């Protein structure tokens, strides 16, 4: 069992992980890229920017020094948004002992490489290190309010997955294990794109039938891509697949759904992003997903439509018309 845990990244997920782990009695240290922002969190004992309204545990340590933050840890949690992971970990690489396992809680795809989070970590820090991911329907605000939640700890190492499971599992946070780290990370990335489409449906008031159809066909897209890339079938019906997709598409707290809703109400992509606090991962992820789809010869019409609306100026009405008038086929 781990005793000293360092969390890299002071966003909402990193913050709520610190709350969960402090409550279980671990010695937890939080590191942030922005020294001034980290200092503000430490002084106020609240993450006003990314998770406002929740007092942070008195036991939580804050450390801005790169070497001090990671050198004595038994476990490192990478809570850095996917598009910033490479920069952060290149900076921390020389301070990070090879023996320390790393678990990622980020969801996304790096644009230049089309890598998932643990693939980025492996390229930067070395493939011989042990990696895991913790993913699922984990809206940070709900976890901070001590509402019941579940997640999947995935790793190629069954032992590490079980260790992560025991580390995070608690009375109101239940964790399952999985060895399909590729499938779990792909689900976590692509569901953000489908969530943008779900928000657009909410924004134009297209109703529950349309939302249900979107989730069903969106999951079919995720499954097609995942299977083509070598993921396991069962993953898509699990917590990191269907579970995370449903939460992200219906929760009023989700950034991707909220972003899409603003698009549906008539905002431009730039205006919608400015109105959202934090990174809207699906905005960049949709481009990476489309590249992966083309690489693996997979049809992903919903993802393509979202990308066209966000990045190419296609109207929502035209995108919906094109989706609804596609060639008829069997489900």
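All Cα-Cα distances of the stretch 216-256, cut into 5 Å bins from zero to the largest, leave 5, 24, 29, 22, 12, 6, 1 percent in each bin in turn.
Can you compute the equivalent ellipsoid semi-axes for the stretch 4-179, i.e. the square root of 5 times each eigenvalue of the Cα gyration tensor, sorted largest first and rounded to whole Å?
Whole-Å semi-axes of the equivalent ellipsoid: 22, 20, 15.
Packing-based ranking of 320-328, 137-145, 295-303 yields 137-145, 295-303, 320-328, ordered from highest to lowest mean Cβ neighbour count within 10 Å. The Cα-based radius of gyration of the stretch 96-150, divided by its Kirkwood radius, gives an Rg/Rh of 1.08. The share of Cα pairs per 5 Å bin across the stretch 141-240, counted from zero up to the longest distance, runs 2, 12, 18, 17, 18, 16, 10, 4, 1, 0 percent. Computed over the chain, the convex hull of the alpha-carbon atoms projects to a mean area of 15.8 nm². All distinct Cα pairs of the stretch 239-325 go into the 1/r average, and the inverse of that average, the Kirkwood radius, is 13.8 Å. Applying 1/(1 + (r/R0)^6) with R0 = 41 Å to the Cβ-Cβ distance of residue 174 and residue 321 gives a FRET efficiency near 0.45.
Coordinate-derived values only; no laboratory data. Computed from a prediction, not measured in an experiment: that's the story for all the values here. Please note: Cβ atoms are built from the backbone with ideal geometry, for glycine as well, and neighbour counts cover all protein chains shown.
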